[in-house]
Structures are given as C-alpha cells and as structure tokens.
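Throughout, read-outs are computed from the coordinates displayed, never taken from laboratory work. Bear in mind the structure is a predicted one, so any value in this text is a computation, not a measurement. All Cβ positions, glycine included, derive from the backbone under ideal geometry; neighbour counts span all protein chains shown.
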Amino acid sequence: MMFSAAFLVQALLASAVFAFPSSKERLASRRARRSGDVARTRQSKPVNIVSSPQVAAAVGNASHPQFSSNWAGAVLVASTATYKSVTGTFTVPTPKSTGGSAEQCASAWVGIDGDTCETAILQTGVDFCVSGSATSFDAWYEFFPADSFDFSGFSVSAGDSITITATVISTTEGTLTIKNNSKGTTATKTVTSSSKLCETNAEWIVEDFEECEGNDCELVPFANFGTVVFTGASATTNSGTVTPAGATIIDIEQNSVLTSVSQSGSTITVEYV
C-alpha cells in the first residue's frame with residue numbers, strides 16, 4: 001500500500017511537470033506566435049494618452065506634458081516641417097520580472113508618426129522579455145496599422161549597442177534599418193502601406209506593446225527594463241537635422257507612474273521606476 005501511494009505521488013508530480021510549460025517553452029510559444037504559426041500577433045500602437053493631473057502633482061511635476069498607458073519617451077511634433085527620418089542608439093537592457101508567472105516585455109524603438117498623427121507609424125526596434133529566469137530579445141519592424149515582423153536571422157543580446165533608423169521614402173513607403181554595433185551586423189527592410197504617414201511626429205519610445213488575436217488586443221505585462229538611454233538621437237526634416245530639444249515628454253501610467261523620462265541635447269533617458 002505504501003509503495004502504491006508513493007508511486008501515485010510520483011506519477012502526479014510527473015504529470016504536473018508535463019502540464020506546466022517551462023520558461024523556455026513559453027518563450028518558444030511567443031516566438032511561434034510572432035512567426036505566424038498561431039493566430040496571435042504583436043503590434044505597436046499609437047500613443048494612448050491618459051489624463052492624470054493628480055498623478056502629475058504627486059510626482060512633483062504638475063507641468064508634465066503627457067501620461068500614456070503604453071508609451072514612455074520623447075516625441076517631436078512639427079507644425080510646418082515634415083519628418084523624413086529618425087534615428088537613435090541604445091544599449092539592450094536585461095529585463096527583470098516584477099512578479100507573477102506571466103511573461104513580461106517592453107520594447108525600445110524609433111518611429112515616424114503615432115502621436116498627433118494616428119493613421120500610420122513607420123517604426124523599428126527591439127523587444128526584451130523575461131519569463132522566470134529566461135530572457136529573450138527580438139528585432140522587429142512595423143508599418144502600422146499592419147502587424148510587426150521580426151528581422152529574420154538578426155541576433156540581439158543583452159548589452160548589445162543597437163542603432164535604429166526609420167526613413168520615409170513617401171507617405172506610403174519607408175525603409176527600416178537596425179544595426180547591431182556590438183556584433184557588426186545590419187538588417188534593412190523596405191515596407192509599404194495603404195495608410196498614409198502625416199510625417200509630423202518623430203519619436204524615441206519605450207513601449208508596453210500589444211498582443212492581438214483577431215481584433216482582440218491587450219497590453220502585454222510590462223517588464224522592469226531598468227534604463228534605456230537613446231544617444232545620438234536626431235530627426236531629419238525637409239529643412240535639416242534636429243535634436244529632440246523641446247520634445248514632448250511622455251511617461252507610462254498604469255494605475256501608478258511606471259517610468260521617468262528626461263531629455264538633454266541628443267540624449268533621451270527612459271527609466272523604469
């Protein structure tokens with residue numbers, strides 16, 4: 001009887017092992033979704049501004065321009081000029097879990113439009129995710145409202161120096177380039193869209209992106225990304241090159257403020273708090 005009971009316990013434990021996917025299996029599942037093997041997709045979205053005067057006062061910055069549920073970073077908004085390209089360099093962080101068993105992610109990218117212009121976004125960047133003790137990194141490009149796609153065979157690791165650039169060819173066509181300065185590799189993709197760019201926004205963003213199943217989309221659990229610093233940040237207009245000086249600063253608020261953003265010269269610092 002004792003042997004049978006012990007055997008039963010071992011069998012139950014074994015079945016539990018097979019019932020719950022490991023961190024690596026969950027990461028593999030996400031990669032399968034991104035490659036189109038299942039009906040879930042990854043997408044960056046236009047900024048979702050939230051009104052939080054009480055929060056602004058609480059963090060000692062009553063004049064803080066904007067809070068958002070999904071974007072943290074800096075956005076240039078043109079009144080007359082049109083943005084033709086945007087670029088920046090950052091070091092890929094090591095994301096940390098904020099608790100719980102779900103995979104958590106964040107993404108750093110540069111792009112054209114998506115703030116005051118919501119019809120289209122030309123953008124490229126890197127996702128960093130954590131599940132348990134396992135981390136993963138994906139380099140991607142997107143011409144919203146289409147979904148994002150990974151750059152095939154492009155490797156990214158924590159600590160890599162990455163330069164990303166979005167360049168407008170026309171209002172419906174652009175080139176997206178990512179360079180891994182640490183590994184000496186570059187990937188470029190030219191994309192088209194039936195939705196037109198306004199060319200009025202240039203941005204450097206850390207985002208809580210969405211996963212979608214059909215038209216049902218939700219924000220992924222947001223990871224503690226530490227700090228992302230965009231250096232060499234600049235945008236090209238029809239009249240020359242500009243830095244992010246005077247850009248609108250946006251922080252992420254999801255019940256509480258989760259980021260702290262600052263800008264100085266051509267450097268934008270986005271910190272998880």
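Under a 5 Å amide H cut-off, with hydrogens placed 1.01 Å from N, Phe144 pairs with Ile121, Gln123 among residues at least 5 apart or on other chains.
The HN-Hα couplings worked out from phi for the stretch 147-156 by the Karplus form 6.51 cos²θ - 1.76 cosθ + 1.60 (θ = phi - 60°) are 6, 7, 9, 7, 5, 5, x, 9, 8, 9 Hz, whole numbers, x standing for Gly and Pro. Approximating the spin labels as points 7 Å out from Cα along Cα→Cβ, the Ser51-to-Ser266 distance works out to 4.0 nm.
Gain in length, Thr116 to Thr192, computed as 0.36 nm per residue apart minus the alpha-carbon separation, to one decimal in nm? Could you put the intermediate results ahead of the total?
Working: separation 76, 0.36 × 76 = 27.36 nm, distance 2.10 nm.
Extra length available between Thr116 and Thr192 comes to 25.3 nm.
Residue by residue, the stretch 73-81 carries 3J(HN,Hα) couplings of x, 10, 10, 8, 10, 8, 8, 10, 6 Hz when phi is fed to the Karplus relation 6.51 cos²θ - 1.76 cosθ + 1.60 (θ = phi - 60°); x denotes Gly or Pro.
Between amide H atoms placed 1.01 Å from N, distances below 5 Å from Gly88 occur with Ile164, all of them 5 or more places distant or on a separate chain.
Evaluating 6.51 cos²θ - 1.76 cosθ + 1.60 at θ = phi - 60° for every residue in the stretch 176-191, the Karplus couplings come out as 10, 10, 10, 10, 8, 5, 6, 9, x, 10, 9, 10, 9, 9, 9, 10 Hz, glycine and proline recorded as x. Taking the average, over residues, of other Cβ atoms within 10 Å as the packing measure, peptides 111-124, 240-253 rank 111-124, 240-253 from highest down.
Order of 81-88, 254-261 by packing, highest average Cβ count within 10 Å first? Could you put the intermediate results ahead of the total?
Details: 81-88: 22.1, 254-261: 17.0.
Top of the packing list down: 81-88, 254-261.
Summarising the amide proton neighbourhood of Gly111: residues at separation of 5 or more, or on other chains, whose placed amide H is nearer than 5 Å comprise Glu203. Reported to the nearest whole Å, the Cα centre-to-centre distance from the stretch 187-250 to the stretch 116-156 is 10.
The peptide list 198-209, 154-165, 130-141, put in order of mean Cβ contacts within 10 Å with the highest first, becomes 198-209, 130-141, 154-165. Using only C-alpha atoms and all pairs of different ones, pull out the Kirkwood radius for the stretch 42-272 in Å with one decimal. Evaluated over the stretch 42-272, this radius sits at 17.4 Å. If R0 is taken as 22 Å, the Cβ-Cβ distance between Asn181 and Asp150 corresponds to a FRET efficiency of 0.70.
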